[in-house]
């Protein structure tokens, strides 16, 4: 086949009219480890493309899908926690076997999975969608005790609510100290969006308060000119950006962060995001290939370069050129993998080329957002995914219209992943 568009946007496919029945021919089985954007999207698209002919098991530790995109709106008090909390019921209705358990072992040779409760699965294909882990040990003093008070809120969930409570009780004149880890990390514009929304909250309700944004990197990692423009015009008195400051130590009792240079920064609320890597289960399964952090994949299929038949999707992957670790990208990975798995199990010819898109909105206040997009192409001759220069359009300055589009984007990608 020729070039294929992997459903690049978030357009939602209509539900299949053909009911799943036990008499339906079973052509294979897939076990999916992790129910985030990549895992949930994969389960949905496998059920659609296979029309019930593939047995699909999705194992996710949490009973709810907590969305990291839009969570900064919750953190700043503009949306409720329920807004980013979603159930897996629609996938169950599609015939997906959804289990809430923790996977403790993946055997890539036997293609088997074992869970914390003792359940054991073997399948034709194992898909590992583990997300990220946070390297607390890389920061001196960031032990279990410090983690109770110095929050990261870098996974959608309870820490989002806890950090919101800290901000809501902060006195007017207090300092919110955010540290950004070295790239690559999950959602490159996420910390800058967080700083913008909290600065907006301070400007409205606690005008003497300030966000200090400490960046391990030498410069803003995403939407640089767009964020700089907003900060200069709107948050000059409520946000300070400091590049090249990597956090080496934490003193949780005194509210101090220590840089690699020995400088110290004091805050009333500390938000430290440790260095990111692919999660523990990816390491256990021997899927990590790059700098003991990320999993290299065959971009034609999303299979591990080490173990054919074992797929790795989402933030855990070793990113291709200029490819961010984002929810939209994870959703796109799932469509590449779904097409490959179904083609393989049904004995169809595999596609040779495809195009995928990353769409990224960042809120700068509760109504307005900024926007960038990029198109990527896989070419079998090249063997990897590369951005198509100029295909993503022009980065867009803040507007209420983009804010409305961002809310629509969230609703659509949630439906595209879980519907």
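The values are calculated or read from the model by the stated rules, or taken from the named source; none is laboratory data. Since the structure is predicted, the reported quantities are computational estimates derived from the model, not experimental observations. Cβ coordinates were reconstructed from backbone atoms using ideal geometry, including for glycine residues, and neighbour counts include every protein chain displayed.
Mind checking which residues of the range 134-187 are over 25 Å from residue 202 (Cα atoms) and part of a loop (DSSP other than H, G, I, E, B)? Result: 135, 139, 141, 142, 143, 182, 183, 184, 185, 186. Tell me the strands (runs of 3 or more DSSP E) entirely within the range 270-383 that contain at least 2 residues that are within 16 Å of residue 32 (Cα to Cα). Per the criteria, 310-312.
Against the test of being buried (at least 16 other Cβ atoms within 10 Å of the Cβ) and modelled with pLDDT of 95 or more, the options 218, 191, 207 yield a single qualifying residue, 191.
Scanning the range 219-240 for residues that are touching a helix residue (DSSP H, G or I) at 6+ places or on another chain (Cβ under 7 Å) and in a strand (DSSP E or B) turns up just one, 239.
Checked against (1) surrounded by 19 or more Cβ atoms within 10 Å (Cβ to Cβ); (2) assigned by TED's automatic domain parsing to the domain that holds residue 210; (3) modelled with pLDDT of 95 or more, residue 103 meets all criteria but (2).
Restricting to the range 249-267, what's the tally of residues that are touching a strand residue (DSSP E or B) at 6+ places or on another chain (Cβ under 7 Å) and either at positive phi or surrounded by fewer than 17 Cβ atoms within 10 Å (Cβ to Cβ) (or both)?
The first filter runs over the range 249-267 and keeps only residues touching a strand residue (DSSP E or B) at 6+ places or on another chain (Cβ under 7 Å), leaving 249-250, 255-260, 264-267.
Among the residues that remain, those that are also either at positive phi or surrounded by fewer than 17 Cβ atoms within 10 Å (Cβ to Cβ) (or both) are: 249, 255-256, 260, 264, 266.
Of the residues in that region, 6 qualify.
Against the numbered list (1) in contact with a strand residue (DSSP E or B) (Cβ under 8 Å, 6 or more places away or on another chain); (2) free of Cβ contacts under 8 Å to residues at least 40 places away in the same chain, residue 117 comes up short only at (1).
Would the range 38-46 turn up any residue that is out of contact with any strand residue (DSSP E or B) (no Cβ under 9 Å at 6 or more places or on another chain), at positive phi and at pLDDT 95 or above? Break it down into steps so the answer makes sense when it comes.
Taking the range 38-46 and keeping what is out of contact with any strand residue (DSSP E or B) (no Cβ under 9 Å at 6 or more places or on another chain), we get 41, 44-45.
Going one step further and asking which of them are at positive phi, we end up with none.
Among the residues of the range 38-46, not one is out of contact with any strand residue (DSSP E or B) (no Cβ under 9 Å at 6 or more places or on another chain), at positive phi and at pLDDT 95 or above, which makes the answer no.
For residue 340, the test of being without any contact (Cβ under 8 Å) to a residue 60 or more places away in the chain, outside the structural domain of residue 165 (by TED's automatic domain parsing) and surrounded by fewer than 17 Cβ atoms within 10 Å (Cβ to Cβ) is failed. Being at pLDDT 95 or above, touching a helix residue (DSSP H, G or I) at 6+ places or on another chain (Cβ under 9 Å) and more than 25 Å from residue 409 (Cβ to Cβ) is a description that applies to residue 28.
A single member of 61, 44 is farther than 30 Å from residue 205 by Cβ and in a loop (DSSP other than H, G, I, E, B), and it is 61.
Going by the conditions given, is residue 39 part of a loop (DSSP other than H, G, I, E, B), touching a helix residue (DSSP H, G or I) at 6+ places or on another chain (Cβ under 8 Å) and either buried (at least 19 other Cβ atoms within 10 Å of the Cβ) or not assigned by TED's automatic domain parsing to the domain that holds residue 116 (or both)? No; evaluated as a whole, the condition is false for this residue. The single condition from (1) in a loop (DSSP other than H, G, I, E, B); (2) touching a residue at least 60 places away in the same chain (Cβ under 8 Å) that residue 193 fails is (1). With respect to (1) over 24 Å from residue 208 (Cβ atoms); (2) out of contact with any strand residue (DSSP E or B) (no Cβ under 6 Å at 6 or more places or on another chain); (3) at pLDDT 95 or above, the lone exception for residue 294 is condition (2).
Going through the range 49-58 one residue at a time, which ones are in a helix (DSSP H, G or I) and without any contact (Cβ under 8 Å) to a residue 60 or more places away in the chain? Even if it seems obvious, please write down each step before you answer.
Within the range 49-58, the first condition is being in a helix (DSSP H, G or I), and the residues that meet it are 49-50.
Selection gives nothing.
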